[in-house]
Amino acid sequence: MLSPGPTAAPSSNGTIDAKSAEVPNVAPPSEEMKRTVCCAQQPPWTTTIRAPLRSKTNGREVVAPAAPVSTFSLPAVHVPAPAASLQKCTLAVVVVGFSSHTATADPSARAMTSGRPPTVASRVIGPSTAARAAGAASASRSTVAPNLTPTPWHGRFAGVAADVRLEPLAEQHLDAVQAVLRDPDVERFTRVPVPVPDDFARTWLERCEAGRADGTREIFVGLDGAGTLVGMAMAPKIDHEGREGELGYLVAPEARGRGIGTELLRQLTRWWFDELDMLRAELIIDVANPASLAVARHCGYFHEGTLRSTHHKGGIRIDATIWSRLAGDET
């Protein structure tokens, strides 16, 4: 607070001259303010000289002299941003919903599925540049939303599932398929009927063969180097006219946690764009299935939105996320 100084007398021309006025005293900082300053730290105030102030009052020019002014400010306090919450991704199951009902034949389909396993393509499936930029945004809130942006698949599971190959579903695979379909997580996250009928694998094969004939469906089994079934990859809905459709995948219980799901979807996506010449691939994944959500991100799929309380099967309703990849997405 400034204390008033002596009053300056007017000059002969009727003005109060700054030179004839004494500089008012400036009260020093209070003891309380001084106590807030730690040793060897910059005091939270600065002293500057204020320029003279001029004004006219009742026809007379009044000049306020220059005076020292103390400016107080609290020291800056650094508050670190909360660390991003670790997102625990349980690799308990890697499955995505697929259709178990008979697909409607489309006689006008301009192309048919080849029935051959996917071939190795030169194009690598990965995320777009924009997706990488979006995924790199740092968290600035205490509550971090689930990461739903695509991330590169390559290198994350390098060498883990390199020996996995896809083969079209056939008679010799039925026993292993039937066993996998009885897994509780497969029953929960896919559209297979519950309980699974004893002959459902054969029924599934018959529907798949009908879909192959009219180009509306395909199912592959994933086999490791020893020929053991480690998962499945399927295209339950193929629209050749619209050049789009739905893809799906599941991993056998004993093969989970090894990157099998990522490799299955990677090969299936290559087959979809390179051999069928499609423009769009779509995944429908339950929000309660974090492992499958991670597979979609690793393979460069984009999260487009969530269907709230959509019908799943048998009166069960879920929140289902929609993911997509386009043929023109950067790799």
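With R₀ fixed at 35 Å, the C-beta to C-beta distance from residue 213 to residue 327 puts the FRET efficiency at about 0.85. Between residue 64 and residue 206, the modelled label-to-label distance comes to 9.8 nm, taking each label 7 Å out from Cα in the direction of the beta carbon. Need one word for region 176-331: rounded, prolate or oblate. Basis is the Cα gyration tensor (sqrt eigenvalues a ≥ b ≥ c); a/c below 1.5 gives rounded, then a/b vs b/c decides. It is rounded, given that a/c, with a ≥ b ≥ c, falls under 1.5. Largest first, the three principal axis extents of the alpha carbons in region 258-299 are 32, 21, 10 Å in whole numbers.
Stretched out straight at 0.36 nm per residue, the stretch from residue 282 to residue 309 would grow longer than its current Cα-Cα span by 7.8 nm. Taking a point 7 Å out from the Cα of residue 163 in the direction of its Cβ, the residues of region 221-252 whose backbone N falls within less than 16 Å of it are 222-231. In region 161-258, one over the average inverse separation of all distinct C-alpha pairs is 14.0 Å, which is the Kirkwood hydrodynamic radius.
Given R0 = 22 Å, the distance between the Cβ atoms of residue 171 and residue 199 translates into a calculated FRET efficiency of 0.95.
Every number in this text was worked out from the coordinates using simple rules, so none of it is lab data. All of these numbers come straight from a predicted model, not from anything done at the bench. Counting neighbours? That spans all protein chains shown, and the Cβs are built from the backbone with ideal geometry, glycine included.
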